[in-house]
1. Enumerate the amide H contacts of Ile478 below 5 Å, restricted to partners 5 or more residues apart or on another chain; note that Pro and chain-start residues carry no placed amide H.
2. Can you match P(r) over Cα pairs in 20 Å bins from 0, in percent to one of these, (1) 23, 56, 20, 1; (2) 15, 25, 16, 12, 14, 13, 5, 1, 0; (3) 17, 32, 22, 14, 11, 4, 0, based on a calculation from the structure here?
3. Work from the charge dipole of region 4-106 (Cβ charges, +1 for Lys and Arg, -1 for Asp and Glu, about the Cα centre) and give the residue of Ser20, Ile4, Phe99 farthest towards its positive end.
4. What would the Debye formula give as log10 I(q)/I(0) at q = 0.17 Å⁻¹ for the alpha-carbon point model of region 393-522, no solvent?
5. Find how much the distance from Thr442 to His306 grows on full extension, using 0.36 nm per residue of separation minus their present alpha carbon separation; answer in nm with one decimal.
6. When Lys and Arg each count +1 and Asp and Glu each count -1, what net charge do the other residues less than 12 Å away from Tyr463, Cβ to Cβ, add up to?
7. Charges only on Cβ, +1 for Lys and Arg, -1 for Asp and Glu: so what's the dipole of the chain about the Cα centre, in debye to the nearest 20?
8. Give the Kirkwood hydrodynamic radius (Å, one decimal) of region 4-106, defined as one over the mean of 1/r across all pairs of different Cα atoms.
Amino acid sequence: MKRIKVLLIEDDEDQALLISDFLAEESEGFDVDVAFSWSDCEGKKLPSYDVVLLDYNLPDISGLDALNLILSQADLPVIFVTGENESETAIKALRAGAFDYIVKAGDYLRALPVNINKVIEQFRIRKEKERLEGELRRSLKELKEMQGRLIQTEKLSAIGKLVAGVAHEINNPLTGIVGYAQILLGRKEGFDPLVRKGLEVIYEEAQRAARIVQNLLQFARKHPPQRSFISVNSVIEKTMELKEYELRVNNIHLSLDLDPNLPMTMADPHQLQQVFINIITNAQQAIMEAGREVGRISVKTESVTHNPPLIRISFTDNGKGIPEEIINKIFDPFFTTKDVGEGTGLGLSICYGIIKEHNGNISASNLPEGGAVLTVELPVVEPTLELEIEEKTDVAPIPSLRILVVDDELSIQDMLVDMLSAGGHKVDTASNGQVALEKLRTRGYDLIISDIKMPGMNGRSFYEYLSKVNPAMAHRIIFVTGDTLSRETGEFLNTVGVPHIEKPFSLEEVLSAIRKVLQGSIG
């Protein structure tokens, strides 16, 4: 049985001897150290004791002052020992933190061992209760934070569905604008220089709008990780297109210092874009909270000669910096300085996880002049020689083909007819899958270009029916869609394995898809 260590602080030597001898003779097993003043306690390791018996009247310090000193040095129960008619002193001691008190009167010694054991057990129970309450508070806080994140996730999911629907509607007219601008710019007859310049602006701005829509779709949708050889510079440029306007209206200047010779890496571009968006958003908030008249965010990429070599991306801002007491916690799960429900829905802890999954590293530091730097490092992964040779293969000419265009948008039908007819192809059109099947019964075609979302028989139903009645023709389809980022469309395209192009598309993308179909039929 463990012996109970007691520190007795008593200025009366007779009383001290009486108490210590009585406790030493008890079968419970008490080891008693005696101090006749507070100065006698110096050098004693207070946390090593189980309980302190403290007399109210000491020669060099008051009992209440001694109590405060004990509690400042150790977390243990203190029993205040008072004389008769000292109830006010006892009450003050209890208010100051004493666990209990006893009165030196009558047969108090006989009850002392029981009282000490009771106090030690009650103190243990109190501490366990405080520990459990602390854990409960932490758990409730984490649950609140998780609830906030779930609410934010649901909001993002709803936004994603809204963005996907709007993007589909925007991509249809954008396809006509991009296509006809390219057709007109490709004509050999001369244009007035002002007209040509206007066409070039229309084409470039339509392409810019298309990239913004595509980036919004990629950010709003959840993707299963799909890694490929990517240019980090390209991902950063697409990310900045999303944030450029918001930064500009908040008077935050964005500068890019991208290494033109940056090597490639193997990564999921959508996940990296989420990481970069989150970092830029945090930097923007830090600048606005700091009240800067002019905010500055700079993004730099560089190749670092390590073993193995690395790609380093540095995000520097002139915001308020990161408090030193939390800088080592910002990547911890559930850690946030924002209120529940605020933020982008993608915490730095998730950024940390994404970068670690890519065998990289992410870190944060403060600048001496103010502001912070977040640094992302990714491994260099270059394509194999076989892939490079494949990319450099000469493009074969396309023979004249009979092509059926299936799309419910008349402007896209007309644009594809004009685009393909200029290349010597014979083109028919159909407004949905049912009309296309009727034409296929009476006419022969070399390939089909079909939209997926159409009224009546959509592209998916059209393909499934065609696979049963004419499987060879089903393998000569090119799908056109403005909704490749939806899970259903993505799974369908992955299953059928035929080429697809995304609205808005260029002539080069159409021709590239046609070559893939022709190569597949030859193989």
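1. The answer is Ile448, Ile449, Ser450.
2. Of the labelled values, this structure produces (3).
3. So the residue we want is Phe99.
4. Each listed q corresponds, in turn, to -0.85.
5. Working: separation 136, 0.36 × 136 = 48.96 nm, distance 6.52 nm.
Using 0.36 nm per residue and subtracting the Cα-Cα distance, I get 42.4 nm.
6. +1
7. On the way: 56 positive and 78 negative charges, 647 e Å.
The calculated dipole for the chain is roughly 3100 debye.
8. Working: mean 1/r = 0.0733 Å⁻¹.
Across region 4-106, the inverse of the average 1/r is 13.6 Å.
Values in this text are rule-based calculations from the coordinates and carry no lab data. Keep in mind it's a predicted model, so treat the numbers as computed, not measured. Cβ: placed from backbone, ideal geometry, glycine included. Neighbour counts: every protein chain shown.
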